[in-house]
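The values are calculated or read from the model by the stated rules, or taken from the named source; none is laboratory data. Please read all numbers here as calculations on a predicted model, not as lab measurements. Because the Cβ atoms are built from the backbone with ideal geometry, glycine has one as well, and the counts that use them run over all protein chains shown. Heads up: the accessible areas ignore ligands, DNA and RNA and are worked out on the full protein's heavy atoms, side chains in. Shrake-Rupley method; radii C 1.70, N 1.55, O 1.52, S 1.80 Å.
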Amino acid sequence: MAMKVEIISTEMIKPSSPTPAHLRNFKICLLDELAPPAYVPILLLYSSDDFEVGFFDNLKYSLSQTLTQFYPLSGKLVRNLSVDCNDEGALFLQAKVNISASEIVRNPETSMLYQLFPFNPYKSTPGENTVITGVQATVFECGSVGIGVCVSHKVADGATMASFLTAWAATANGVDQTLAPRLDSATLFPPKGIDIIKQSDMVKNEKTVTKRFEFDRKSLANLKAKIANGNPTRVEAVTALIWKSATEVTRENSVKDPTPTLTQTPTSIATHLVNIRGRMVPPLPGHALGNLWRLAVALYPEATKEVKLQEIVGILRKSIQRIDSNYVTRLQGEDGFAKALEPLKELRQLALGGERAEVYTFSSWARFPLYEINFGLGKPIRVCTITVPVRNCVILMGTKSGDGIEAWVTLTEKDMAKFEKNQEFLKFISATT
C-alpha cells in the first residue's frame, strides 16, 4: 500500500504569555550566523497503547507554554542577524496516514519520513517569510502517533532540539520546568553582522542514497575489541569504520573511472561536529540555545599504505582534541570570525592545491536523551532524523536500548552499492535498511 498523508488541520501555536518588549530583538551569535540555512529535523514515534482523545489538545497547550521560555523559536528571522520575537508562533499540523507505524519502525525509508514532517527541512530555507519552528503530529492507521519537529538551524543545533523537546514533554506531563534555556550565546560569541542568508549550495543535483546501519551492543563490543589498543568510544569506533570503508570504496571507484578529471586518487577528509558547551571555561549547560559546535577536520592517511582502524581512531581523536578550552577562548575573542572559518579555509586550501578531495561529514546525536522524551504516551518506540541529501554525510544516533548506534549514511548511488558490501564493514553491523 502506498503511503498517503492527509492533513487534518493547520494552525499557529503562539506562546501562552507575550514576550516582553525588551526581549523582542533576539540577536543570534557568530556561530548561528555561520550555520547552514536549513532546519534540524527530529521524528519521534509513539505506541498507541496510551493514546487518548485529548492528547493533541494537551500537546498544543504544552507547546504554547514551552514557547514562552523558548520565545526565539516562535518568532521570525530578520535576515541573518536576529530574530524578531513577535510571538507569531510555531506551525502545527495535525495529520493522519494510511499505514501502520510498524512500517516506519521496521524500515524507516527516507521518502516516507519526509511526509511525517511539516515541510522538507532541506528545501525550506529559514528566512523572513518562514516559520522558525514547525511540528506535524500524525496518527497512524494503528493508532500510534508520530511527532515530526523542525527548528531553524539558525537558532538551534541538535543539543538545542533535545533540550526543547525535553522541556516540552515535561510540560505536557505537568512537571514543573525550572530549567529555563540559556539564551546569551550572542554575548559569549559576539555576532559579526554577516548579513547573508541563502539556500545552501550543499544540495546538488546528484543522485544520492541514504541507508541506515545499526550497531548493537555485541557488534560494538567486537568492533572496539578490534581497536583495543586505542580504547575507542563507540562513536569513535563507528566513525572510523565508516570513514575507512567509504574511503576505500571511493578510491577504488576513482581508479576504475575512465573520466580524466576523476582518475586522481582523492584525498579523504573527515569533519566531525563537536559540541563546545562542555569545552568552555566554565562549561555551558546542555540547555544553552544556539549552534554551539565547531568542525574538527581530520586527514586520512596516504593511499599508498595499509591503514588500520586503530590509526584512524587516533587521527580522529587528535582532531577533536584540538577543539579545547583554548580554542573556544580564541573563538570568543577579536579573531573569533577567522577562527570559526579555519575548517572551511583548510578544506578550500586543499581544493585550490589541485587535489581532489572527498569530504565526509559526521555528526553524532548519540548522547542526546531523545528516547527519554515522553509526551504522555510513554517513551518513543523509534527516533529518526533525515540526513542532509548530500554525498558523504553521516548522522550517528543512539538506539532505544541505549547501548547501540544507528548510522544514517548518505553516499552517491555508485559508492553506496559497494559500501554496503564492504567485507570489513559487514563484519560489525547488526542490521541494515
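Is it the case, given these coordinates, that LYS27 is within 23 Å of the chain's Cα centre (by Cα) and open to solvent by 50 Å² or more (accessible area, probe 1.4 Å)? Outline the logic, then answer.
On the way: within 23 Å of the chain's Cα centre (by Cα): yes; open to solvent by 50 Å² or more (accessible area, probe 1.4 Å): yes.
Here the answer is yes, as LYS27 does meet what is asked.
Quick check: anything in the stretch 98-120 part of a loop (DSSP other than H, G, I, E, B), in contact with a Lys or Arg (Cβ under 6 Å, 6 or more places away or on another chain), farther than 19 Å from LEU292 by Cβ and in contact (Cβ under 8 Å) with a residue 24 or more places away in the chain?
Yes, some residue in the stretch 98-120 is part of a loop (DSSP other than H, G, I, E, B), in contact with a Lys or Arg (Cβ under 6 Å, 6 or more places away or on another chain), farther than 19 Å from LEU292 by Cβ and in contact (Cβ under 8 Å) with a residue 24 or more places away in the chain.
Residue count for the stretch 395-430 under the criterion of being touching a residue at least 40 places away in the same chain (Cβ under 8 Å), of a type in the set (A, V, I, L, M, F, W, C) and under 24 Å from ALA225 (Cβ atoms): the result is 8. Of all residues in the stretch 308-342, those that are among the hydrophobic types (A, V, I, L, M, F, W, C) and either closer than 27 Å to ARG251 by Cβ or surrounded by fewer than 12 Cβ atoms within 10 Å (Cβ to Cβ) (or both) total 6. On the basis of being closer than 13 Å to CYS29 by Cβ and either part of a helix (DSSP H, G or I) or in contact with a His (Cβ under 8 Å, 6 or more places away or on another chain) (or both), does THR171 make the cut? So THR171 fails the test.
With respect to the conditions (1) within 16 Å of VAL145 (Cβ to Cβ); (2) not in a helix (DSSP H, G or I), ASN80 falls short on a single one, namely (1).
Scan LYS305, LYS345 and give me the residue that is assigned to a loop (DSSP other than H, G, I, E, B), without any contact (Cβ under 8 Å) to a residue 24 or more places away in the chain, more than 12 Å from THR271 (Cα to Cα) and open to solvent by 60 Å² or more (accessible area, probe 1.4 Å). Talk me through it step by step, then tell me what you get.
Details: LYS345 fails: assigned to a loop (DSSP other than H, G, I, E, B).
Every option except LYS305 fails the conditions.
Condition check ((1) of a type in the set (D, E, K, R); (2) in contact with a Gly (Cβ under 6 Å, 6 or more places away or on another chain); (3) closer than 17 Å to ILE7 by Cα) across all residues:
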| position | (1), (2), (3) |
| --- | --- |
| ALA95 | no, no, yes |
| GLU103 | yes, no, no |
| MET112 | no, no, yes |
| SER124 | no, no, no |
| THR130 | no, no, no |
| PHE140 | no, no, yes |
| VAL149 | no, no, yes |
| SER152 | no, no, no |
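Which of the residues belonging to the stretch 384-410 are in a strand (DSSP E or B), aliphatic (A, V, I, L, M) and within 20 Å of ALA38 (Cα to Cα)?
First pass over the stretch 384-410, keeping only residues in a strand (DSSP E or B): 384, 393-398, 405-410.
Filter once more, so that each one left must be aliphatic (A, V, I, L, M): 394-397, 405, 407, 409.
Passing the criteria: VAL394, ILE395, LEU396, MET397, VAL409.
Looking at the stretch 10-25, is at least one residue in contact with a Cys (Cβ under 9 Å, 6 or more places away or on another chain) and among the hydroxyl-bearing types (Ser, Thr, Tyr)? The answer is yes; a qualifying residue exists.
Specify the residue that is farthest from GLU252 (Cα to Cα); the eligible residues are those in the stretch 411-428 that are part of a helix (DSSP H, G or I), among the charged types (D, E, K, R) and open to solvent by 50 Å² or more (accessible area, probe 1.4 Å).
Narrowing the stretch 411-428 to residues part of a helix (DSSP H, G or I): 413-419, 423-426.
Narrowing the set further to residues that are among the charged types (D, E, K, R) leaves 413-415, 418, 424.
Retained after the next criterion (residues that are open to solvent by 50 Å² or more (accessible area, probe 1.4 Å)): 413-414, 418.
Details: GLU413: 15, LYS414: 11, LYS418: 10 Å.
Filtering first and then ranking leaves GLU413.
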